[in-house]
Amino acid sequence: MAVGMSERGSLHSGLGEWVVQRLTAVYMLFFIVIALIRLSISPVSTHADWLLLSSGLLFQIALLLFIFSLLAHAWLGLKSVFLDYIHPWRLRFLLLMVVALFVFATGVWALLIVIT
Amino acid sequence: MANMKKAGLRPVFLNLLQIRLPHGGVLSIVHRVTGVLLVLAIPLFIYLLQLLNSGTDGFSQALALLHGLPGKIFLSLTVWVLIQHSLSGIRHLMMDMGISYDKNIARKTADTVFALGLLMVIVTGVAIWL
């Protein structure tokens, strides 16, 4: 079989990214709408309100999923912007590494905040 | 032309001030710019989450930040950029599903996104500032 005919090879990775970019977008929209509805039904104005909301397991999972979706979405988005506009490959690689570090660090930070 | 010889085959015309993009093209650029801007807001929101989650003092500190002038400016800018990005994103999702491939409809949906964005900016602006 010729490469690229029936086996999609490494070029196929772009399709996966395309799907992830859209799935994360849809989840984030869904989360924001639900969060806005919840906050307008019972607003969080005191610390007790916040504790009640933020101690729920469902909320914690949904929030972490939101933050991880956000970071994945940001990583893929910045990657396509860099691929289009930053042509010197050393600079592009450096910038992508900075973004990767940022995404990883922010993800760990958020995880620590939510689970502790 | 020298430019043509350098590029090999075709003439290259990249004068950004003279290229006139279709409305959908402008929207696509706006989607990218707002996307990059939103990345910059991520650490500030995680910091806000940390404050909210760090006891009574932290919680009131976070509320004070959000109600202060810099907080309000930051919040409204982020909300506006997020609205614009979400609307153009929804349009992208619609196009993925095959809606508005047609040139004229694509132009209409692009204009709708700009108009809707402006409207929602006014509504959220009133909600945040008044």
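The values are calculated or read from the model by the stated rules, or taken from the named source; none is laboratory data. The structure presented is a predicted model; accordingly, all values stated were derived computationally and were not measured. Cβ sites come from the backbone with ideal geometry, for glycine too, and all protein chains shown count toward neighbours. Quick note on the areas: whole protein, heavy atoms, side chains included, nothing else; ligands and nucleic acids left out. Shrake-Rupley method; radii C 1.70, N 1.55, O 1.52, S 1.80 Å.
Figures for the structure shown
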read-out: Using alpha-carbon coordinates, inclination of helix A:57-85 to the longest axis of chain A, degrees; value: 30
read-out: Spin-label model distance (nm) - residue A:59 vs residue A:82, 7 Å beyond Cα toward Cβ; value: 3.6
read-out: FRET efficiency estimate (nearest 0.05) - Cβ-Cβ, residue B:10 to residue B:69, R0 45 angstrom; value: 0.30
read-out: Fluctuation leader among B:36, B:79, B:113 - chain B, Gaussian network, Cα springs under 10 angstrom; value: B:36
read-out: Whole-Å distance, taken between Cα centres, linking the range A:47-116 and the range B:12-41; value: 24
read-out: The range A:67-116 shape via C-alpha gyration tensor axes, a/c threshold 1.5; value: oblate
read-out: DSSP loop chymotrypsin sites (Phe, Trp or Tyr not before Pro) with at most 11 other Cβ within 10 Å excluded, longest remaining stretch of chain B; value: B:14-100
read-out: Angle between chain B longest axis and helix B:23-52 axis [Cα atoms, degrees, rounded to 10]; value: 20
read-out: Degrees, to the nearest 10: B:69-96 long Cα axis against longest axis of chain B; value: 40
read-out: Mean ellipticity per residue at 222 nm, deg cm²/dmol - from DSSP H runs of n ≥ 4 across chain A, formula -39500 (n - 2.57); value: -28000 deg cm²/dmol
read-out: Gyration tensor (alpha-carbon) shape descriptor, the range B:15-89, a/c threshold 1.5; value: prolate
read-out: With DNA, RNA and ligands ignored, accessible area of residue B:82 (1.4 Å probe; Å², nearest 10); value: 70
